[in-house]
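Chemist: My questions all concern the structure below.
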Amino acid sequence: MSHTPEINRISSIIGGTKQKVAIISSSINRQLSSRPDPYDAFRKNLVDLYDRMDNRYDQAAIHYGFVCSGCEENCCRTKFHHHTYLECLYLKEGFDALSEENKHTIIYRARAVHDAHSIADRNGIVAREMCPLNVDSRCLLYSHRPMICRLHGIPHELNRPGQTIQFHQGCNDFHDAFNATDYYPFDRTPLYMQMAALEKRFKAESGINQKVKMTIAEMIMTYHETDRHR
Ligand code: SF4
């Protein structure tokens, strides 16, 4: 299965203005026109990396006896930005498998969340909108969720070269319940670096120069635009 037109369409939409979209789209089309589609080759690497993340997370969670069962703070209300084309494409695979009714509902919710984020930004307040994919406290695309969703909640460290190690305490519920428990070493750095390296290789092979910075709501809206122009 070739995903090249998919990559082109998504790439063309990520970027903001219509003019920018047109420039990026034609540029990517030129670069990809004579190349095989790289997404299929990279997809397996991404799934393997997600498996490693899930394993590391599970090991730490088991150490603490931590089970996320939903909470008031809810990480799905946090406005995360996601930064990789690969994850954007992988999430779209899950989105494409939803029923038409669910897709319709999710697109509607994504627009509402995006509007609420914009209003919050304009007013200088922190948005706490529920992710459009969270329905009845359940992620509709759990198996396809991005890296940040997989790693949230457990205390961890970041050990970037040339910088002091940064420790993060985990989500509030975790902190309240397990603060006294010995820290289980969980260095996210290698996982971040592997993701960055994978994305870099994918973009190089795809001829993509544009950076990605999107919320889940924006990704969903991008999928809708993509499908409309098929
Ligand atoms: S993608 Fe799923 S896990 Fe991530 S914020 Fe949305 S509902 Fe939550």
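Here, each number is a calculation from the coordinates, and none is a lab measurement. Predicted model, so just to flag it, every value in this text is computed and none were measured. Cβ placement follows ideal geometry from the backbone for every residue including glycine, while neighbour counts extend to all protein chains displayed.
Chemist: In terms of the Cα gyration tensor, with a ≥ b ≥ c the square roots of its eigenvalues, is the range 139-230 rounded because a/c is under 1.5, prolate because a/b exceeds b/c, or oblate?
Modeler: Here the range 139-230 falls in the oblate category.
Chemist: Where in the range 181-195 does the label zone of Gln166 land, with the point 7 angstrom along Cα→C-beta and an amide N cut-off under 18 Å?
Modeler: Once the point is set 7 Å along Cα→Cβ of Gln166, 186-195 turn out to lie under 18 Å by backbone N, inside the range 181-195.
Chemist: Enumerate the amide H contacts of His82 below 5 Å, restricted to partners 5 or more residues apart or on another chain; note that Pro and chain-start residues carry no placed amide H.
Modeler: Distant-sequence amide H within range of His82: Met214, Thr215.
Chemist: Moving on. Hey, can you rank 213-224, 42-53 by average C-beta count inside 10 Å, highest first?
Modeler: Packing order, densest peptide first, comes out as 213-224, 42-53.
Chemist: Taking 7 Å along the Cα-to-C-beta vector as the label spot, tell me the Met193-Glu225 distance in nanometres, rounded to one decimal.
Modeler: 3.5 nm
Chemist: Can you list residues from other chains, or at least 5 along the same chain, whose modelled amide H is less than 5 Å from the amide H of Asp187?
Modeler: Result for Asp187 returns Glu157.
Chemist: Of the peptides 103-110, 86-93, how do they stack up when ordered by the mean number of other Cβ atoms within 10 Å, highest first?
Modeler: Going from most to least packed, we get 86-93, 103-110.
Chemist: With θ set to phi - 60°, apply the Karplus curve 6.51 cos²θ - 1.76 cosθ + 1.60 along the range 136-141 and write out the HN-Hα couplings as whole Hz, x wherever there is a Gly or Pro.
Modeler: After applying 6.51 cos²θ - 1.76 cosθ + 1.60, I find 6, 6, 10, 7, 5, 10 Hz.
Chemist: What order do you get for 157-167, 189-199 when each peptide is scored by the mean count of other beta carbon atoms within 10 Å, highest first?
Modeler: 189-199, 157-167
Chemist: Roughly speaking, what is the stretch gain from Asn179 to Arg111, that is 0.36 nm per residue apart minus the C-alpha to C-alpha distance, in nm to one decimal?
Modeler: 20.7 nm
Chemist: Let me ask something else. Near the amide H of Cys139, under 5 Å away, which other amide H atoms are found, from residues 5 or more places off or on another chain, if H is placed in the peptide plane?
Modeler: none
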